[in-house]
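The values are calculated or read from the model by the stated rules, or taken from the named source; none is laboratory data. Treat the numbers as computed from the prediction; the structure is a model and nothing was measured. Please note: Cβ atoms are built from the backbone with ideal geometry, for glycine as well, and neighbour counts cover all protein chains shown. Areas reflect the complete protein model, heavy atoms only, side chains present, ligands, DNA and RNA absent. Shrake-Rupley method; radii C 1.70, N 1.55, O 1.52, S 1.80 Å.
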Amino acid sequence: MEKMVLVTGATGTVGRDVAKLLSKQGAAVRAGVRDQAKARQRFDDDIALATFDFEDDSSFAGALDGVGKVFLLPPLLANQVEVTNAFVDAAKRAGIRHIVKLSVIGIDHATQFTFGKWHAANEQHIRESGLAFTFLRPNSFMQNFVTHFSPRNGSIYLPWGNGTASFVDTRDIASVAAEVLTSDGHEGKIYTLTGPAALGIADVARILSEAAGRELKYVDVPEDAARDGMLQAGLPQWQVEPIMELHAINKQSRWSAVTSDIENVTSNPATDFAEFARDHADRFRAS
Ligand SMILES: NC(=O)c1ccc[n+]([C@@H]2O[C@H](COP(=O)([O-])OP(=O)(O)OC[C@H]3O[C@@H](n4cnc5c(N)ncnc54)[C@H](OP(=O)(O)O)[C@@H]3O)[C@@H](O)[C@H]2O)c1
């Protein structure tokens, strides 16, 4: 019998589409989730569930039992490096053949930003484990405008100045992950996943306005105000400073390059922002 693919982060933005696409393609899928009752409502019965918590290593062996490949999505945890590395060790003990890890754009040996350093440490640990791997390094998600940067009272508040980025649709990331997990030839590869164009936030606001049929504005927030806003909203300090690092990178347009890795892997062009906006227009009509 074909071994299962374990999908971590399966209830999140990227992972839920990875699990669903794999299942649609006929793979045996197990979603590793913290709350099975909640997760069951989100998935059809063809997706098996296992209780899995990165912060509880006693959950690792059960989730990995009978699994051949893993989609590894480290969630935002202050101890990401330690818990993800411990999970990789457990995957090796369990005889996993291939780990497909979600990382982040812009990481190499000179990585300067905190979240990048964490992902780089996880990548390094996977390399040293000797397990077969594929690293997916996406740019900022288009879906951030639905989640983290959603408009408030008709405005998108970000400290990006005129900075631009080649935002990527998470549905494309999931398509790449599903392809890599179900076909040969991706071991040892690193894919940098971007959308088809670099956009500034004023461009984003214009495209979202067209899709939503109402005016959304970009408010270029001073950095201190952005920092204070996140703290007031209850984000812990350990998240706020690393997020400010990402904003600074984007203000400098450092992640504006466009790659063809999505099309090369999936044979479909990367989704452009206008399509993302049309597909999520309801989310922008009343925010
Ligand atoms: N946002 C961006 O622009 C961007 C760009 C590049 C890379 N990334 C990377 O993408 C990843 C985040 O992906 P995402 O946006 O799809 O995540 P997300 O929507 O925030 O979802 C996080 C997932 O992780 C699960 N989770 C949280 N804590 C867990 C734990 N202790 N044990 C097991 N599962 C846990 C959540 O499950 P529950 O339902 O139980 O909470 C959920 O399924 C991060 O590694 C980030 O660095 C993000």
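A few points about this structure:
- FRET efficiency estimate (nearest 0.05) - Cβ-Cβ, residue 25 to residue 210, R0 30 angstrom: 0.35
- When nucleic acids and ligands are ignored and a 1.4 Å probe is applied, residue 52 ends up with an accessible area of around 10 Å².
- About its Cα centre, the chain has a charge dipole of approximately 280 debye under the convention of +1 per Lys or Arg Cβ and -1 per Asp or Glu Cβ, with nothing else charged.
- Rough spin-label spacing in nm, given labels placed 7 Å along Cα→Cβ, for residue 127 and residue 203: 3.2 nm
- Between residue 2 and residue 117, the contour length at 0.36 nm per residue exceeds the alpha carbon distance by 37.9 nm.
- Longest stretch of the chain clear of exposed loop sites (GluC sites (Glu not before Pro), DSSP loop, at most 16 other Cβ atoms within 10 Å, sites excluded): 56-186.
- Full extension of the chain between residue 217 and residue 34 gives 62.1 nm of extra length, using 0.36 nm per residue less the Cα-Cα distance.
- Estimated from the Cβ-Cβ distance and a Förster radius of 30 angstrom, the FRET efficiency linking residue 42 and residue 233 is about 0.70.
- Ranked from largest, the principal axis spans of the Cα set of the range 4-138 equal 44, 28, 27 Å.
- C-alpha long axis of helix 114-129 to longest principal axis of the chain, angle in °: 20 degrees
- Helices in the chain, meaning DSSP H runs of at least 4 residues, each add -39500 (n - 2.57). Divided by all residues, the mean residue ellipticity at 222 nm is -12500 deg cm²/dmol.
- Divide the volume of the convex hull around the Cα atoms of the range 187-240 by the residue count and you get 181 Å³ per residue.
- Distant alpha-carbon pairs in the range 201-283 (separation over 20 angstrom), percent: 56 percent
- Note on residue 224/residue 108: beta-carbon distance plugged into 1/(1 + (r/R0)^6) with R0 of 41 Å gives a FRET efficiency of 0.85.
- Put a dot 7 Å past the Cα of residue 254, heading toward its Cβ, do the same for residue 281, and the two dots end up 3.7 nm apart.
- Histogram of C-alpha separations across the range 79-201, 5 Å bin width, %: 2, 10, 17, 19, 20, 14, 9, 5, 3, 1, 0
- Alpha carbon convex hull of the chain, volume per residue in cubic angstrom: 131 Å³
- Hits among lysines - C-alpha to C-alpha of residue 189 under 18 Å, sequence gap 8 or more where chains match: 69, 101
- Alpha carbon centroid spacing (whole Å) that separates the range 26-64 from the range 261-287: 28 Å
- Extension gain for residue 58 to residue 187 (0.36 nm times residue separation, less C-alpha to C-alpha distance): 43.6 nm.
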